[in-house]
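Just so it is clear, none of the values below were taken in a lab; they were calculated from the coordinates. Values in this document were obtained by computation on a predicted structure and should not be read as measured data. Please note: Cβ atoms are built from the backbone with ideal geometry, for glycine as well, and neighbour counts cover all protein chains shown.
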Amino acid sequence: MTGSEILSKMRERFGGRLKEVSEKSPKRIYVTIDRADIREMTQFLHFDMGCRFNIASAVDTDKAFEILYHFTKDDAGVVFSVRVFLTDKNKPEIDALTPMMRGAEWIEREIHELFGVTFTGHPNPERLLLPDDWPDGVYPLRRDFVPPKRDDREVKKS
């Protein structure tokens, strides 16, 4: 099945719930959906269309957290990037994909830890990267993060 065929089936199934569709090339397709539709879209792409979940990525923009879920249809050489905007920057939440696909566990933990996005229903939201003594509520990849001041003392040479 080609990317165009999958996109056609996606349009049939999701209709007006696809907020934006952008075909950057025949091999790279972006779709924007509401956060409420992420599990259904994952069901469709991964389980119904046989796409493989690659990774998710996040960006803190001026107005929202943008989460991109990247799926590939390997035999067609197509990447689908499903974009979700979380506009409540004080309480960014989205359903976890981990209960559906164990492969999403670590990236959801990473995004939670570095951006403060809560993945509702995640079975293990423990820290993955930051040290144990990292302060709660401080997210180093957010736009408003202020790094601690460095100690500018000279390093003693041996």
When the charge dipole of the chain is computed with +1 on Lys and Arg Cβ and -1 on Asp and Glu Cβ about the Cα centre, the Cα farthest towards its positive end, among Ile33, Phe14, Met1, belongs to Met1
Summing -39500 (n - 2.57) over every DSSP H run of at least 4 residues in the chain and dividing by its residue count gives a helix-only mean residue ellipticity at 222 nm, to the nearest 500 deg cm²/dmol, of -5000 deg cm²/dmol
Given the candidates Thr72, Pro92, Thr61, the one whose Cα lies deepest towards the positive end of the charge dipole of segment 35-158, counting +1 at each Lys or Arg C-beta and -1 at each Asp or Glu C-beta, is Thr61
With R₀ set to 41 angstrom, the calculated FRET efficiency between the beta-carbons of Arg13 and Arg142, to the nearest 0.05, is 0.75
Env charge @ Val117, Cβ radius under 13 Å, K,R +1 / D,E -1, value -3
Taking a ≥ b ≥ c as the square roots of the eigenvalues of the Cα gyration tensor, with a/c under 1.5 meaning rounded and otherwise prolate when a/b exceeds b/c and oblate if not, segment 79-146 is oblate
Among (1) 12.7; (2) 12.0; (3) 17.7, the value of mean projected area of the Cα convex hull in nm² computed for this structure carries the label (1)
For the pair Asp62 and Arg102, the simple spin-label estimate (label points 7 Å beyond Cα toward Cβ) gives in nm 4.4
Relative contact order of segment 3-95 (C-alpha contacts under 8 Å, at least 6 apart) in percent is 27
Largest fluctuation, Glu110, Glu126, Glu12 only, Gaussian network model of the chain with Cα springs under 10 angstrom, belongs to Glu12
Over 25 Å (Cα to Cα) among Lys9/Lys73; Lys27/Lys63; Lys19/Lys73; Lys91/Lys149 -> Lys27/Lys63; Lys91/Lys149
If every Lys and Arg gets +1 and every Asp and Glu gets -1 at its Cβ, then about the Cα centre segment 45-158 yields a dipole, in debye to the nearest 20, of 360
Checking Phe14, Phe71, Phe145 against a Gaussian network model of the chain (alpha-carbon springs below 10 Å), the top fluctuating residue turns out to be Phe145
